[in-house]
Amino acid sequence: MPLHQDVLWYKDAIVYQVHVRTFQDSNGDGIGDFPGLEEKLDYLLELGINAIWLMPFFPSPLRDDGYDIADYSTVHSSYGTLEDFRKLLGSAHDRGIRVIIEMVLNHTSDQHPWFQESRSSKDNPRRDWYVWSDTNTRYQGTRIIFLDAETSNWAWDPISTSYYWHRFFSHQPDLNYDNPAVREQMWNVMKFWLEMGVDAFRLDAVPYLVEREGTNCENLLETHEILKELRRQLDEHFPGRMLLAEANQWPADLRPYFGDGDEFHMAFHFPLMPRMFMGLKLEDRKPITEILQQTPEIPPSCQWSLFLRNHDELTLEMVTDEERDYMYDMYAQDKTMRLNLGIRRRLAPLLNNDRRRIELMNGMLMSLPGTPIIYYGDEIGMGDNINLGDRNGVRTPMQWSGEWNGGFSAADPEHLYAPLIQDPVYGYPAVNVLRQKASEHSLLNWMRSIITVRRSTAVFGRGSIEFLYPANHRILAYVRRLGNEAVLVVNNLSGTAQAVELDLRRYKGNILIEMSGQNMFPRVGDQPYLLTMGPYQFYWFRLRRV
Ligand code: GLC
Ligand code: CA
């Protein structure tokens, strides 16, 4: 099917998140770029992914790695030219790979010309594009997000001698969405990239668009109205394109971002992610089943997006204080690993580089309801570098080989945008793509095969879920169903062997076919179905009536 005709494509997607600058440097300046990424598209194709999400690549002073945008209408010169981006987009599309780009609506860099004008005088026509105040006391009910860096959501601007509002770093002033000119401009920005052919946007920090006195300034009705208007425009002019919400909120507050299927197509399931890590440590399915039970139904055209790790700290905003303490104790004993309300580590080190746990977590990522997102480098088990500040420790160069700079760049190592991981366990001589390609049982090859199995049926991306509650609480089991198809997933969350009896009466007469080896397991009869499972083992079974 031609790419644009399949309007629900995002339901069947396997997304790969990557920052252009981290992936491949084509011109030896030490910074990854569009031509470099383009060269590596075949690697991604082989891995089995069919969408990439690119972090912001716009001109920026890079004080928040590009989330501080200084110009929305072109690309950062370190990454190449606009023409290079167009070429990358074309090459991705030629391979059936969709391209999701980042759109930061909530704020700009303080270096953006709009802000420069806005601050220049109180009667500048752009004055009202940002949120100004004579005092720093408005909107007191609003939390601070970057707790380790900021003490207020207001910052003093000496040039215009007033305060401006910012939900993130103080160099990221919030745009004023009460101003129709701002709303129109931001749609124009989106239109520019849509006309070029991008398939989707991850809309950054969407809960914070509008401020109102006496509220916490998050998820306001006025904000939803603005987002719905963007969606209306999108559907009218660019059917088949997609909007993905970054709204780090509880399930009940997340639900409105889908509207009646007229707001976002997708939203990250932030509350689920930490509970997968909790379930694993507690060896108990409860954190996972509980949060999914509390997750409201979403409209049929909508989809959750699931992830284990991303470019930010592993956020612990959507857990209780007790749960957060537990997560810190279990996953970030060393306090330097903590940042804001989260943990700044990669997947493999979080799981003590235990291959069984890495596989189990990825198995859940690929079989729970939603579209999985893989963070670059996690497919080979890359490590992190907590000596780099902020979240930079999880954004080090991709490790392609054991050669010079891990095959990432021909530059002198001193010129790299960030040092490669070098330690004996996770360093590029030990952990790299080339080596893992050559080794049959590598994590990379395992990832490739599980993605193939996942993509062999639409049931994982589109099907319903029904939990089984066997007496053994260390086992997380569910049936995914779509039409006549049914897949039984059984996960052993514990580090020891387990037996489990499953109530499969409603599938009596079916045989089980284990999906990775296509081998048959006994037919379901009247008795509870007995399975034995090794430590951290999981199974995907196709249920088939024969
Ligand atoms: C989002 C991004 C994060 C960024 C912040 C401010 O949360 O994921 O990386 O710092 O927005 O733009
Ligand atoms: Ca470069």
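The values are calculated or read from the model by the stated rules, or taken from the named source; none is laboratory data. What you see is a predicted model; the values in this text were computed from it and never measured. Please note: Cβ atoms are built from the backbone with ideal geometry, for glycine as well, and neighbour counts cover all protein chains shown. Heavy atoms of the whole protein, side chains included, go into the accessibility calculation; ligands, DNA and RNA do not. Shrake-Rupley method; radii C 1.70, N 1.55, O 1.52, S 1.80 Å.
Points to keep in mind about this one:
- Under the Karplus curve 6.51 cos²θ - 1.76 cosθ + 1.60, θ = phi - 60°, whole-Hz ³J(HN,Hα) for the range 303-318, x wherever Gly or Pro sits: 8, 7, 10, 10, 8, 9, 9, 8, 7, 9, 5, 5, 6, 10, 6, 9
- Ligands, DNA and RNA left out, the 1.4 Å accessible surface of the range 100-154 is 46% carbon and sulfur atoms.
- Rounded to 5, percent antiparallel among DSSP beta bridges of the chain: 60 percent
- Span-like helix ranges in the chain, DSSP H, alpha carbon extent 20 angstrom or more, Kyte mean at least 0.5: none
- Put simply, the range 463-544 fits an ellipsoid with semi-axes of 19, 13, 13 Å; these come from the alpha carbon gyration tensor as the roots of five times its eigenvalues, largest first.
- The range 198-290: radius of gyration and largest Cα-Cα distance (Dmax), Å: 15.5, 49
- Per-residue packing, averaged as other Cβ atoms within 10 Å, sorts the ranges 89-96, 58-65 into the order 58-65, 89-96, beginning with the highest.
- Set K191/K228; K40/K87; K11/K437; K87/K191 screened for pairs whose C-alpha atoms are more than 23 Å apart: K11/K437
- Using bins of 10 Å that start at zero, the share of Cα-Cα pairs per bin across the chain amounts to 3, 18, 28, 27, 16, 6, 1, 0, in whole %.
- Per residue, the solvent-accessible area of the range 1-86 (1.4 Å probe, heavy atoms of protein chains only, all protein chains present) comes to 32 Å².
- Dipole-positive endmost among L339, Y375, T396 within the range 274-433 (Cβ charges, Cα centre): Y375
- Pair-distance distribution P(r) for the range 116-263, from all Cα-Cα distances in 10 Å bins starting at 0: 10, 37, 35, 16, 2 percent.
- Two-decimal ratio, the range 207-364, of alpha-carbon radius of gyration to 2.2 N^0.38 Å: 1.15
- Alpha-carbon radius of gyration plus Dmax, which is the widest Cα pair, for the range 455-499 in Å: 12.2, 36
- 5 angstrom amide H check on R98, placed H, neighbours 5+ away: A51, I52
- With loop membership from DSSP and a limit of 10 other Cβ atoms within 10 Å, the longest segment of the chain without GluC sites (Glu not before Pro) is 1-212.
- Summary of the geometry: the range 343-412 and the range 272-307, compared by the centres of their Cα atoms, lie 22 Å apart.
- Centroid-to-centroid separation of the range 217-262 and the range 469-546 [C-alpha atoms, Å]: 37 Å
- Projected-area average for the range 386-531 over all orientations - Cα convex hull basis, square nanometres: 12.7 nm²
- Between D174 and V131, W165, H166, R167, the built amide H atoms are under 5 Å apart, and every one of these is 5 or more places off in sequence or on another chain.
- Debye, to nearest 20: dipole size of the range 410-546, +1 on Lys, Arg Cβ, -1 on Asp, Glu Cβ: 800 debye
- Space enclosed by the convex hull of the alpha-carbon atoms of the range 428-480, per residue, Å³: 123 Å³
- Each residue of the range 380-390 was assigned a 3J(HN,Hα) from its phi angle through the Karplus expression (A = 6.51, B = -1.76, C = 1.60, θ = phi - 60°), giving 10, x, 5, x, 10, 9, 6, 6, 7, x, 6 Hz with x at Gly and Pro.
- The range 113-165: radius of gyration and largest Cα-Cα distance (Dmax), Å: 11.9, 35
- Partner lysines for K335 [C-alpha distance under 20 Å; skip if fewer than 8 residues away on the same chain]: K281
- If only the Cβ of Lys and Arg carry +1 and only the Cβ of Asp and Glu carry -1, the dipole of the chain around its Cα centre is close to 2140 debye.
- Around the amide H of L339, modelled in the peptide plane, lie the amide H atoms of R344, all under 5 Å away and 5 or more residues distant in sequence or on another chain.
- By the helix-only formula, in which each DSSP H run with n ≥ 4 contributes -39500 (n - 2.57) and the sum is divided by residues, the chain has a 222 nm mean residue ellipticity of -7500 deg cm²/dmol.
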